[in-house]
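The values are calculated or read from the model by the stated rules, or taken from the named source; none is laboratory data. As the structure is a prediction and not an experimental result, all values here were calculated from the model. Counting neighbours? That spans all protein chains shown, and the Cβs are built from the backbone with ideal geometry, glycine included.
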Amino acid sequence: MVDAAPTPDATNLPDWVRDMPSALDQAMGMELLEVTPERVVGRMPVAGNTQPIGLWHGGASCVMAETLASYGAVAHARPDKFAVGIDINATHHRSVRSGHVTGIATALKLGRTVAMYEIVLVDDHGNRVCTARLTCQLVAAPK
């Protein structure tokens, strides 16, 4: 079991995070709670992000993992570069039917051209739902 999910508090997010809305993240109910190059924390509701049988969708885990790690990579790369995901893998450990899933993306490598993160997703009880890894290529920032 992983430490229980942190209490939501997005008041300390960097200003640039608020200037990067994502239609997909908004539709899925993503909440960012902490964003630094080394660590990103966020959460999503299970409701609205399920398979037809009512379980948390594995695709939602992948979206969440890529979103969290990408924000960390952008925090590392900015202001001159931007991050784009080039490789993701995910292992699904258990199902969730209600509540929230919280994710913590932890930097594994913060280089000049690549950033890599391990992302651990847990349920409201701290049970591991998914473990993922994302590699981002750091490219010239969009104009």
* Selection within segment 21-44 - farther than 19 Å from Val120 by Cβ, in contact (Cβ under 8 Å) with a residue 12 or more places away in the chain and not in a loop (DSSP other than H, G, I, E, B) -> Leu24
* Among the numbered conditions (1) part of a strand (DSSP E or B); (2) within 22 Å of Met20 (Cβ to Cβ), tell me where Ala69 comes up short. => (1)
* Taking the residues in segment 21-39 that are of a type in the set (Gly, Ala, Ser) and either surrounded by 15 or more Cβ atoms within 10 Å (Cβ to Cβ) or within 16 Å of Leu68 (Cβ to Cβ) (or both) as candidates, determine which candidate is modelled with the highest pLDDT. => Gly29
* Asked: Residue check, Arg18 against (1) more than 20 Å from Met116 (Cβ to Cβ); (2) surrounded by 15 or more Cβ atoms within 10 Å (Cβ to Cβ); (3) among the basic types (Lys, Arg), all met but one. Which one?
  -> (2)
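Rundown of residues vs (1) touching a Lys or Arg at 6+ places or on another chain (Cβ under 7 Å); (2) exposed (fewer than 15 other Cβ atoms within 10 Å of the Cβ); (3) at pLDDT below 95; (4) under 18 Å from Asp25 (Cα atoms), yes/no style:
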{"position": "Ala65", "(1), (2), (3), (4)": "no, no, no, yes"}
{"position": "Ala77", "(1), (2), (3), (4)": "no, no, no, no"}
{"position": "Ile86", "(1), (2), (3), (4)": "no, yes, no, no"}
{"position": "Ser98", "(1), (2), (3), (4)": "no, yes, no, no"}
{"position": "Thr106", "(1), (2), (3), (4)": "yes, no, no, no"}
{"position": "Val114", "(1), (2), (3), (4)": "no, no, no, no"}
